[in-house]
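**Q** This is the structure, below, for whatever I ask next.
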Amino acid sequence: MKDRIRFFLNRIGERLWVKPLLICLLSILAAFTARMADRISVLHAVPGITSESLETLLGIITASMLGVAVFAVGSMVAAYSSASSTATPRSFNLVIADDVSQNALSTFIGAFIFSTVGLIAVMNGYYGKAGRLILFLITIAVFALVILNFIRWIDRIARLGRLRHTIEKVETVTQDALQRRKSKPRWGAKQASGQPDGRPIYSDAIGYVQRIDTARLQSAAERFDLDQITAAVLPGTFVGPDQPLVYVSSQKTLPDKEIDPKTFTGAFLIRKNRTFDEDPRFGLLVLSEIASRALSQAVNDPGTAVDIINTLVRLFTLWSKTEVDQDQQEIKYDRVALPEINLNEMFADAFSAISRDGAGLIEVAARLQKAFNSLGSLDDEQMKSASRKQAGIALRYAEKALQLEEEINTVRSISQMKDAPGRESP
C-alpha cells in the first residue's frame, strides 16, 4: 500500500495544474473564513481596519500577481524546453515535477485568487470590524509568503532546465529506485528460476509495464486455486501481443473459460511511457542518453559524458553496498514468483551507448576503463563479472575508433581486460 500511494503521488506531482488548483481552493476558503471572526463577540474590541486600506492592499496584490504568474509560467516553459533539448526528452517529467517551481506558481496564482475574492467581498461590505482585521492579517501573511517563494523561485529558475540540474534530478530518482529495488527485490514474492512453466496469459494493452501488484496476483492465484503465478516481465518491459505477462500453473486441469485473463493482467499497470519509480534501468538509460547527446558531433561535450560515467559509478557502488531488507526476505506471496533484475542488462543500459559513442575520444575511453576497474574492485562477484564484460566491449570499440597507436595502448594499459585470454599484447 505504501508503494502504491507513493507511485500515485509521484504521478500527481507530474501534473502542473494540481498544486495551483489546491491553493486556489484554499485561497477562496481563507477569504471566506475571515467572515467567521465577526461571529466571535470577544473580537469586536479589536483595532479597526478601514475598508479603503484593505481595498488598496488587495488591489495591489491583484494587479501584480497575475502578471507575476504569467511571467512564472513563461520562465518555467522555457526551462522545460531547455531540459528536453539539452539533456533528453525523457527527463521532462522530472523537471516539471520540481517542487520549488510548482510551489511558487501555486503561490502566485493563489494570491491572485485570494486577493480578488477578498477585494470583491470588502467592496460589498461582506466583512465587519473583526472580519476586516482577520482578512488584513491573512493578506499580510499571503504577501510574506509570496515574497519568500519569489526569492526561492528566482534562485531555482536560474538552475531549472540546466544540464547539471537535470543530471542531478535523474541521479536522485535513479538512486531512490535502485535502493528500493535492492532492498525489496521481489516485493514479497518468490524468486522465479529458469524458464517459467504453465499457461501463458497475454494482455490486450501495448506499452511499458510501470508497476506490478503482487498482492493482486496472490489473490488471483488463491481464487483459481493455482499452484503458482510466474511473472514474465518486470517494470520497464515493453509488452505487445506476443509478450506473455504471466504463466499460470496448477496441478489440476483448468478449462480456458475458467481463466479470466483480466484477473491477472489487471495486476500490471501498462502505459505508453516508462517511469522512474520502480524501474531503475530507466534512470540508467536516461543518464546514458544524456551522455550520448553530449558526445554527438553537434554538441561535442565529452566533459558531460565523463560526469555521467562518474555518476554511474556512484549509482552502481550504491547498488552493490545496499543490503537487502531482511523483513522483505520473508515470502508474503507464496503463490507468486518474480524474476530479479539482471545486473548485466543494467550495465548494458548504462554503458553500451557511451562505449560506442565515446570510443573515438581518449578521455572518455580511458575514463570508462577506470570506471570498470573501480566497479570491478568491489566485493561483489556479479559486479566484477558485469564490469569485466562491459570493459571488454568498451575496449574493442576503442581499439577500432582511436586513430593513434599511443592512445590505443593507453586505454589497453588501463583496462582490466588487457590480460584477458586470447588478446594480443600491445
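The values are calculated or read from the model by the stated rules, or taken from the named source; none is laboratory data. For clarity, every value in this text was computed on a predicted model and none was experimentally measured. Neighbour counts run over all protein chains shown; Cβ positions are idealised from the backbone, glycine included. Just the protein is used for accessible areas: all its heavy atoms, side chains included, with ligands, DNA and RNA removed. Shrake-Rupley method; radii C 1.70, N 1.55, O 1.52, S 1.80 Å.
**Q** Based solely on its DSSP helices, what 222 nm [θ] is calculated for the chain when runs of n ≥ 4 H residues each add -39,500 (n - 2.57) and the sum is averaged over all residues, nearest 500 deg cm²/dmol? Write down the numbers at each step before the final one.
**A** Working: 16 runs with 260 residues, N = 426.
Dividing the helical sum by the residues of the chain leaves -20500 deg cm²/dmol.
**Q** Given the pairs LYS169/LYS370; LYS182/LYS262; LYS182/LYS321, which span a C-alpha to C-alpha distance of over 18 angstrom in this model?
**A** On the way: LYS169/LYS370 25 Å; LYS182/LYS262 30 Å; LYS182/LYS321 9 Å.
In this structure, LYS169/LYS370; LYS182/LYS262 lie more than 18 Å apart at Cα.
**Q** Between ASN409 and ASN344, what is the label-point separation in nm under the 7 Å Cα-to-beta-carbon projection?
**A** For the pair ASN344/ASN409, the computed spacing is 3.4 nm.
**Q** If you don't mind, another one. Just the number please: accessible area per residue for the chain, 1.4 Å probe, all protein chains included, in Å². Before the final figure, lay out the partial values.
**A** Values: 21300 Å² over 426 residues.
Ligands and nucleic acids excluded, the figure is 50 Å² per residue.
**Q** If you don't mind, there's one more thing I want to ask. What angle, in degrees between 0 and 90 and rounded to the nearest 10, separates the Cα long axis of helix 99-123 from the longest principal axis of the Cα atoms of the chain?
**A** That helix lies at roughly 20 degrees to the long axis.
**Q** Which residues' amide hydrogens lie under 5 Å from the amide hydrogen of ASP227, considering only partners 5 or more residues apart or on another chain, with H built in the peptide plane?
**A** Long-range HN contacts for ASP227: SER249, SER250, GLN251.
**Q** Next question. Can you work out the Karplus-derived ³J(HN,Hα) for every residue in the stretch 201-207? Use 6.51 cos²θ - 1.76 cosθ + 1.60 with θ = phi - 60°, whole Hz, and x for glycine or proline.
**A** 10, 9, 10, 6, 6, 10, x
**Q** If you take the charge dipole of the stretch 148-269 about its Cα centre, with +1 on Lys and Arg Cβ and -1 on Asp and Glu Cβ, which of PRO235, GLY161, PRO196 is farthest toward its positive end?
**A** So the residue furthest toward the plus end is GLY161.
**Q** Considering only C-alpha atoms, what is the centroid distance from the stretch 88-122 to the stretch 285-343, in Å?
**A** Cα centroid to Cα centroid, the span is 33 Å.
**Q** Looking only at the chain, where both bridge partners belong to it, what percent of the DSSP beta bridges are antiparallel (to the nearest 5)? Display every interim value, and only then the final one.
**A** Numbers: 14 of 19 bridges.
Bridges in the chain that DSSP calls antiparallel: roughly 75 percent.
**Q** Given Cβ point charges of +1 (Lys, Arg) and -1 (Asp, Glu) and nothing else, what value in debye, to the nearest 20, does the dipole of the chain about its Cα centre take?
**A** On the way: 50 positive and 46 negative charges, 153 e Å.
With Lys and Arg at +1 and Asp and Glu at -1, about 740 debye.
**Q** Pick from VAL18, VAL95, VAL411: which is most flexible by mean-square fluctuation in a GNM of the chain where alpha carbon atoms under 10 Å apart are linked?
**A** Among VAL18, VAL95, VAL411, the largest mean-square fluctuation in the Gaussian network model of the chain belongs to VAL18.
**Q** Let me ask something else. How far is helix 280-295 tilted off the main Cα axis of the chain, in degrees rounded to 10, range 0 to 90?
**A** 90
**Q** Taking each pair of distinct Cα atoms in the stretch 60-153 once, what is the resulting Kirkwood hydrodynamic radius in Å?
**A** Values: mean 1/r = 0.0674 Å⁻¹.
Mean inverse Cα-Cα distance, inverted, gives 14.8 Å.
**Q** Could I ask something else about it? Between ARG223 and SER193, what's the calculated FRET efficiency when r is the beta-carbon distance and R0 is 25 Å? Round to 0.05. Before the final figure, lay out each step's value.
**A** Numbers: r = 25 Å, r/R0 = 0.99.
Once the sixth-power term is evaluated, E becomes 0.50.
**Q** What nm value, rounded to one decimal, do you get for the distance between MET123 and ARG164 when each label is placed 7 Å out toward the C-beta?
**A** The modelled label-to-label distance comes out at 4.8 nm.
**Q** Give the carbon-plus-sulfur fraction of the accessible surface of the chain in %, rounded to a whole number; probe 1.4 Å, heavy atoms of protein chains only.
**A** Working: 11830 of 21300 Å².
On the chain, the fraction of accessible area on carbon and sulfur atoms equals 56 percent.
**Q** Then there's this: Note down, for the stretch 258-373, the three equivalent ellipsoid semi-axes (square root of 5 times each alpha carbon gyration tensor eigenvalue), biggest first, whole angstrom.
**A** Calculated on Cα positions only, the semi-axes equal 36, 19, 10 Å.
**Q** Work out from phi, with θ = phi - 60° and the Karplus expression 6.51 cos²θ - 1.76 cosθ + 1.60, the ³J(HN,Hα) of each residue of the stretch 169-179, listed in order in whole Hz, and give x for Gly and Pro.
**A** 5, 5, 4, 5, 5, 5, 4, 4, 5, 5, 5
**Q** Expressed as an acute angle from 0 to 90° and rounded to the nearest 10, what is the orientation of the C-alpha long axis of helix 302-321 relative to the principal long axis of the chain?
**A** The angle comes out near 80 degrees.
**Q** With N residues in the chain, what two-decimal value do you get for its Cα radius of gyration over 2.2 N^0.38 Å? Walk me through the numbers before you get to the answer.
**A** Numbers: Rg = 28.6 Å, N = 426, 2.2 N^0.38 = 22.0 Å.
This ratio for the chain stands at 1.30.
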